[in-house]
Amino acid sequence: MPEFCDVAVAVPLDAAFTYSIPEGMHPVVGGRVLVPFRQQRMSGIVVELHNRKPPVQAKNLYSVVDFEPALNDQLLRLGRWIADYYLAPLGEVFRTMLPLGAEFKRSISYRITETGHTALHAASTAGYTRSRRSSDEQLAEIRVLDYLAQRDDAFESSLRSSLKVPKAVLAGMVRKKWIAREDVSGQRDASRTVKIAVLKSAEGKLNANQQTIVNTLAASGGKVATEFLNELDVPRSTLGTLVKRSLVEIVEEPAEFKVSGARARRSPLEFELNSAQKAALAHIQESVASRKFSGALMHGVTGSGKTAVYLTAMRSVLDAGRSAILLVPEIGLTPAVAADLHQVFGDEVAILHSALSNEERAEQWHRIKRGEARVVVGTRSAVFAPVADLALMIVDEEQDSSYKQEETPRYHARDVAVMRAKMANAVVVLGSATPSLESYYNAKKNKYKLLELRDRVERRPLPEVEIIDMRQEFQETGHEQVISRKLAQEIKERLDRNEQVMVLLNRRGYSPVVLCRSCGKSLECRNCAIAMTHHKGSRRMVCHYCGYMAAVPEACPECGSEYVYFLGTGSEKLEELLHGMFPQARIGRLDRDTVRGREDFERALNALDQGELDLLVGTQMIAKGHDIHGVTLVGVVGADMALGLPDFRAAERTFQLLTQVAGRAGRGPVQGKVILQTYFPDHYAVQYAAQHDFLGFYEKELRFRSWMHYPPYSTLANVLVRSDKLDEAMRWSGTLGKWFEKTRHEGVRVLGPAAAPIVRLKRDYRYHFVLKSASREKLNTLLRAMLSYATTQKIPRTQIIVDVDAVWLM
Ligand SMILES: [Zn+2]
Ligand SMILES: [Zn+2]
């Protein structure tokens, strides 16, 4: 066994740390170990075993957690690539890749010190324990010392429960240095288990209750979780009686996450594919069979049946004994989708969504690692699922911004998916109705094969889009309208015909701005340079960036004037307006205020699908890829606000949102229509979306990107310097700005420092630099040099955010 191992610990430092391996311990590369790190015990991943003696004395490992690698060679390589590409600390990358935090617990432990031993000795010779003069506190202290003297250490929880010592006493003893406190991370003893009732025999006389249980077991293949039996309408004792009679046995099995109680059987796929779908499928299957890396961009209009192609391709991968991963945007994984997936893949699918608890996430990880689930469907982090023999990686709605992680490591799951497929000699398929500029550009440059699905299934026509110029509406009616006359009339017609309507307003709350007419101040968040939004239902002012809430002001907090005005319209107010206009209509609302979890989301959509709602109002949530056939009209009353933002992706985002929401109309037999209200009727993003012309938009936007040296013509990074002290944020960004100026960095343009568009966010003042370069290598070299310079200037690493390929420059 080598003498030393290098361990990547999840701390914001760009280094692995060397530990010495005690006799008898056998760490493995890619496996987890527990190590001492700055008075704490932390877990980390072994990245190397070696015999090179470090210059300073290495500490010993505490213990080895994994005897086999948790991250195989391929995932270790992928992790190193992410750390390098996104300039992220390797330990933090590995922590993100390995969702096993639930297997550790953090706890506090205490041990007795030399001083403590002396104090204990003094107390027992002085007879304090029996003395009446001793206070309760003294007695408690002696109990603790006595207890700790008999063992190496003890957890705070067991000290407090077995000795009934208050926390304050322990804290006092730490101050007197009688005992020492340690932060300990330890492994949890066992994974969660469930009790399973197993039917052994059904012979002998049974009463009605016993028969019910036996029948239930028999109907479920002889095995059912006892938890489920408890829901039957029989006394709890019945099961016990059956166990006593040896008819049923109770066994414990590792808990497994199940999407539904019923285990779906694998059924043959019954997708009727049209010729374009078949051609796309054939290309994917041939590529998979070649066992070489290749990429494809599947560009299919909304409603063209991309999902059927994905599922059929994945199914054939599974049948060949290999593995596939499908990534979907955050909102896409509803329980109904999960049930469909079970229908197609049976128990061989693992579904990873954001609502899983840490324990469930860890269980799914182990199922995949053991090879029990070879098809994985999930949101962003599913790109790290430990499948063996990966053959196919699919990224649905590849342009979706939820693939970008907005905390360290700031990776983009689509780009990581491409790299992982490359390392695995697998095939990657990116799918979208509105591909990102970068991906479409790559396809045009033949980096990806372009697979086009030009028609909707059953040749249903795309909806007709009518643009309403809201400036003209204002001139003609004499006042600001939320709903134009034309949209009102079209809604009425649909409601009269019992058809359904969706209205998009991409802003939640009641009024987005509260303004004082006397002094002109608007009500800003205490922590952010952002106007607070009035929420009428919950009677609060809310900051949509940090969640800070305040009372609704009756007078201006600045000048005391009573002339406080609530301006603008959010989805909550829009719903109220529509109620007023169409009192007979049943109206639902879908936004982050009405949807707490994915069940709520699904409930609202189901209600619409079942015809229980006539009209659904909502934010961009209503635009995401669901398929409701009764919707024949989509009204867009506010989706172009983003066009006013100082972000080079604003046009692209607006085009994508408009195309997505327009795609919700007319998915059934009746032709759909879209009424698009805008203050920017001439903007190309609006015009091309109205004509369903992706290519036209792409070419126009590409020219703009080329002039401005934005991606895909350059690589870009956003460097944000933040501090809760304004002078510190300014000083640090000034220091870095001077360094950038002084340093020769050919081939990289540095813009800034400038105040970030949102200059204060979550109490931090923010300054930023935007770096652009045609060469990714030069960009990353400069960023790396900047980070080491920042270290020499004592700027904490956590206060500089380096966002490579940033999608959000606010
Ligand atoms: Zn005022
Ligand atoms: Zn805020």
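Since every read-out is calculated from the coordinates, none of them should be taken as a lab result. Computed from a predicted model, the values in this text were never measured in an experiment. When we count neighbours, we look across all protein chains shown, and the Cβ atoms used for this are built from the backbone with ideal geometry, even at glycine.
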Subject >> Hits among lysines - C-alpha to C-alpha of residue 195 under 20 Å, sequence gap 8 or more where chains match >> reply: 223, 244, 258
Original post:
What is the calculated FRET efficiency for residue 59 to residue 195, with r their C-beta to C-beta distance and R₀ = 56 Å, to the nearest 0.05?
Top reply: 0.85
Subject >> Inter-centroid distance (Cα atoms) of the range 332-393 relative to the range 52-115, Å >> reply: 25
Original post:
In what sequence do 81, 178 fall when counting other Cβ within 10 Å, fewest first?
Top reply: 81, 178
Original post:
lysines near residue 306 by alpha-carbon distance under 24 Å, same-chain residues fewer than 8 away left out - which ones?
Top reply: 278, 292, 404, 422, 444, 445, 447, 449, 624, 673
Original post:
Loop-only check: which chymotrypsin sites (Phe, Trp or Tyr not before Pro) in the range 1-72 are DSSP coil with at most 16 other Cβ within 10 angstrom?
Top reply: 67
Original post:
How large is the Kirkwood hydrodynamic radius of the range 725-790, in angstrom, based on all distinct alpha carbon pairs?
Top reply: 12.6
Original post:
How big is the gap, in Å, between the Cα center of the range 427-441 and the Cα center of the range 688-702?
Top reply: 15
Subject >> Kirkwood hydrodynamic radius of the range 362-508, from inverse mean 1/r over distinct Cα pairs, in Å >> reply: 19.8
Subject >> Per the chain, cysteines lacking a partner by the 4.7 Å Cβ criterion >> reply: 5, 546
Subject >> Label-point gap, in nm, between residue 607 and residue 155 - each point 7 angstrom along Cα→Cβ >> reply: 4.5
Original post:
Tell me, 723, 220 in order of fewest to most beta-carbon neighbours within 10 Å?
Top reply: 220, 723
Original post:
Tell me, what is the FRET efficiency for residue 447 and residue 586 to the nearest 0.05, using R0 = 60 angstrom and their Cβ-Cβ distance as r?
Top reply: 0.80
Original post:
Long-range amide H contacts for residue 586: which residues qualify at under 5 Å (H placed 1.01 Å from N, peptide plane, sequence gap of 5 or more or a different chain)?
Top reply: 614, 615
Subject >> Percent RCO, i.e. relative contact order, over the range 689-805, from Cα pairs under 8 Å lying at least 6 residues apart >> reply: 34
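Take the eigenvalues of the Cα gyration tensor for the chain, scale each by 5, and report the square roots as semi-axes in whole Å, largest first.
Here the semi-axes work out to 48, 38, 32 Å.
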Subject >> Sorted by Cβ density within 10 Å, fewest first, the residues 707, 739 >> reply: 707, 739
**OP:** Principal axes first, then extents: for the Cα atoms of the range 1-105, list largest minus smallest coordinate on each axis, whole Å, largest first.
**Re:** 35, 30, 28
Original post:
Counting alpha carbon pairs within less than 8 Å and at least 6 residues apart, what relative contact order, in whole percent, applies to the chain?
Top reply: 10
**OP:** Show which aspartates and glutamates lie in cross-link reach of residue 486 when reach means a straight Cα distance below 14 angstrom and same-chain residues fewer than eight apart are skipped.
**Re:** 466, 469, 473, 476
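Using 1/(1 + (r/R0)^6) with R0 = 25 angstrom and r between the beta carbons of residue 524 and residue 472, what's the FRET efficiency to the nearest 0.05?
It comes out at approximately 0.15.
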Original post:
Based on DSSP H runs of at least 4 residues, each adding -39500 (n - 2.57), what is the mean residue ellipticity at 222 nm of the chain after dividing by all its residues, to the nearest 500 deg cm²/dmol?
Top reply: -10500 deg cm²/dmol
Original post:
Under 5 Å between amide H atoms, partner at least 5 residues away or on a different chain: which partners does residue 296 have, H built in plane at 1.01 Å?
Top reply: 428, 429, 430, 449
